[in-house]
Amino acid sequence: MSEKEKSVVIENGEKKAKHFRFNWKTAVSIIALAVIVYIISKTDFSTIIVQMKLLPVHIISILILLQIITQLALNYQWYRIRKVLGLKASFFRLLAINAYGMVADAVTPGEKVGGEVARVVQMNSMLGYDTKQSTSIVTIQKSLSLTALVVLNGVAVATLSSHIDFLKPVFTRIILYLILGALTVFFIFMLFFTDRLNVWVQNRKSENKVMLWFKNWMNRFAEDTKAISVRKSEWAIQLLLSFVIWILFPVKLIILVSQYGKVGVFVLLAATFVSYFAAMIPLLPGGLGTFESAMSGILIVYGLTMQEAVAVSLIFRFVTFWFVVLFSLCVIAAWKISQYIKRKRK
C-alpha cells in the first residue's frame, strides 16, 4: 500500500471516529425524554382534565398565574445572587438555565435533586463560569431554599401533631424537631459561618485530587458568602425571598381547596410543606406518587372526601409540576430561537 493510500485510509478512519464519537448531551436528552414519557404514562391525565373542567376558569387562571409568579420570583433570587457577586448574566438567560434545571428535576428520582447538576452545566456553558463558581452559586441558593423549607416543616409538624397518629407520640415529635433543628443549624453554619468551615477544611492534611478541588471550591464559596455578607441586610432579603417563594405554594392550595370544602389555613400550609418534603425521597422521577399520596392523606384526615382529596392533589400537582415542565420547555425553545436569530443576523 502506497503512502498516499495509507493517508486516505487514516483520514477515512478519523472521519468515521468523529462520526461515531459518543455525544453525552444527546444521550442525556434521550434518557430525559424517555423518563418524561414514563411519567406521562403513569399520570392519570383523564382524571385531571375532568376535575379541572369542574373548576371555574378564573380559579385555574389564578393558579397558573401564581405559578408563573413563583417561577419568576425564584429566577429573581438567582439573578439577585449573581448581581451581588458582580457576575454578568441577563434575567432571561438565567430563566433559560433554570428551565433546564426544572426539566432535570422532573426526570430525576426525588424532586429538587437532578436540577442542580443541570444548572451547573448550563451556567458553565451559557455564562462561561467555571465549575467552582457555578457550584458555589447553586449551593448558596439551595441552602437558602432548604433553610426556609426546614423551618416551615417545623411549623407543619407542630400544626399536624394533634391529628396525625404518627405525630402524636411526644418521642416522635422530639426526634423530628431534633432532625429539623440540626438541618437548620447546618445550613445556617454553611451560610453565615463559612470562614470557620473553610479554615477547618483547609487544615485537612489530605492532598488527593478530590480534596484539593474541594479546598479550592471551599475558598470560592467562602469568598462568595463573604461578598453577600458585606451587603447590609442582603441575607435577610434572600431568606425572605425563599420564604415568599415557598409560601406561594400553599397559597395556591388554599385557593384550590376553597372550591371543595373548609380546611384550616395552617393545615394547608403544613400539608404543602410535608408533601414537598416527602417528594424529595428518591423513589420515582419527580417525586411521582409520593407527593400525591402525602397530600391526599392529610386532606382526608382534615375532612375532605377521598375523591375531593385526590382531585385537589392531582390538580395542584398539575399546576406546580406539569405546567412548570411545559413552561420550562417553552422558555428553552424561546431561548434557542433567540440564539438562532442572533446567529443569523451575524
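Residues are listed down the side, and each one gets a yes or a no for (1) of a type outside the set (A, V, I, L, M, F, W, C); (2) touching a His at 6+ places or on another chain (Cβ under 9 Å); (3) assigned to a helix (DSSP H, G or I):
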| residue | (1), (2), (3) |
| --- | --- |
| S296 | yes, no, yes |
| I300 | no, no, yes |
| L304 | no, no, no |
| Q307 | yes, no, yes |
| V324 | no, no, yes |
| L329 | no, no, yes |
| W335 | no, no, yes |
| Q339 | yes, no, yes |
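Of everything in segment 108-146 that's within 22 Å of V210 (Cβ to Cβ) and among the acidic types (D, E), which residue is modelled with the lowest pLDDT?
Here the residue is E116.
Quick check on my filter: what residues within segment 246-266 are farther than 16 Å from I62 by Cα and of a type in the set (A, V, I, L, M)?
V263, V265
Which of (1) of a type in the set (A, V, I, L, M, F, W, C); (2) touching a residue at least 24 places away in the same chain (Cβ under 8 Å); (3) part of a helix (DSSP H, G or I); (4) surrounded by 17 or more Cβ atoms within 10 Å (Cβ to Cβ) is the odd one out, the single condition A278 does not satisfy?
Failing condition for A278: (2).
Let me confirm something: among V138, V151, V155, which residue is of a type in the set (A, V, I, L, M, F, W, C), part of a helix (DSSP H, G or I) and farther than 24 Å from M295 by Cα?
Details: V151 fails: farther than 24 Å from M295 by Cα; V155 fails: farther than 24 Å from M295 by Cα.
Only one candidate qualifies: V138.
Can you give me the number of residues within segment 164-198 that are more than 19 Å from L146 (Cβ to Cβ) and either touching a residue at least 24 places away in the same chain (Cβ under 8 Å) or among the small types (G, A, S) (or both)?
Summing the residues that are more than 19 Å from L146 (Cβ to Cβ) and either touching a residue at least 24 places away in the same chain (Cβ under 8 Å) or among the small types (G, A, S) (or both) in segment 164-198 gives 3.
Out of segment 73-94, which residues are aliphatic (A, V, I, L, M) and closer than 17 Å to G115 by Cβ? Lay out the reasoning, then the answer.
Going through segment 73-94, the residues aliphatic (A, V, I, L, M) turn out to be 73-74, 81, 84-85, 87, 89, 94.
Hits for segment 73-94 are A73, L74, I81, L94.
Test of understanding: among L269, L256, which residue is touching a Phe, Trp or Tyr at 6+ places or on another chain (Cβ under 7 Å) and touching a residue at least 40 places away in the same chain (Cβ under 8 Å)?
After ruling out the rest, the residue left standing is L256.
Quick check, is Y302 modelled with pLDDT of 85 or more and either farther than 18 Å from V263 by Cβ or in contact with a Gly (Cβ under 8 Å, 6 or more places away or on another chain) (or both)? Working first, answer last.
Numbers: modelled with pLDDT of 85 or more: no; either farther than 18 Å from V263 by Cβ or in contact with a Gly (Cβ under 8 Å, 6 or more places away or on another chain) (or both): yes.
So Y302 does not fit the description; no.
Conditions tested, residue by residue: (1) surrounded by fewer than 15 Cβ atoms within 10 Å (Cβ to Cβ); (2) farther than 15 Å from K252 by Cβ; (3) in contact with a Leu (Cβ under 7 Å, 6 or more places away or on another chain).
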| site | (1), (2), (3) |
| --- | --- |
| L55 | no, no, no |
| L66 | no, no, yes |
| N75 | no, yes, yes |
| I81 | no, yes, no |
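Among the numbered conditions (1) at pLDDT below 95; (2) closer than 24 Å to A227 by Cβ; (3) not basic (K, R), tell me where Y76 comes up short.
Y76 satisfies all of (1) at pLDDT below 95; (2) closer than 24 Å to A227 by Cβ; (3) not basic (K, R) except (1).
Suppose we filter segment 158-185 for residues that are of a type outside the set (K, R), part of a loop (DSSP other than H, G, I, E, B) and surrounded by 12 or more Cβ atoms within 10 Å (Cβ to Cβ); how many remain?
Summing the residues that are of a type outside the set (K, R), part of a loop (DSSP other than H, G, I, E, B) and surrounded by 12 or more Cβ atoms within 10 Å (Cβ to Cβ) in segment 158-185 gives 3.
What tally of residues in segment 236-270 results from selecting those that are basic (K, R) and crowded, with 18+ Cβ neighbours inside 10 Å?
Residues flagged as basic (K, R) and crowded, with 18+ Cβ neighbours inside 10 Å within segment 236-270 amount to 1.
Quick check on my filter: what residues within segment 239-270 are under 24 Å from D105 (Cα atoms) and at pLDDT below 85?
A270 - this is the single residue of segment 239-270 that is under 24 Å from D105 (Cα atoms) and at pLDDT below 85.
The values are calculated or read from the model by the stated rules, or taken from the named source; none is laboratory data. Computed from a predicted model, the values in this text were never measured in an experiment. When we count neighbours, we look across all protein chains shown, and the Cβ atoms used for this are built from the backbone with ideal geometry, even at glycine.
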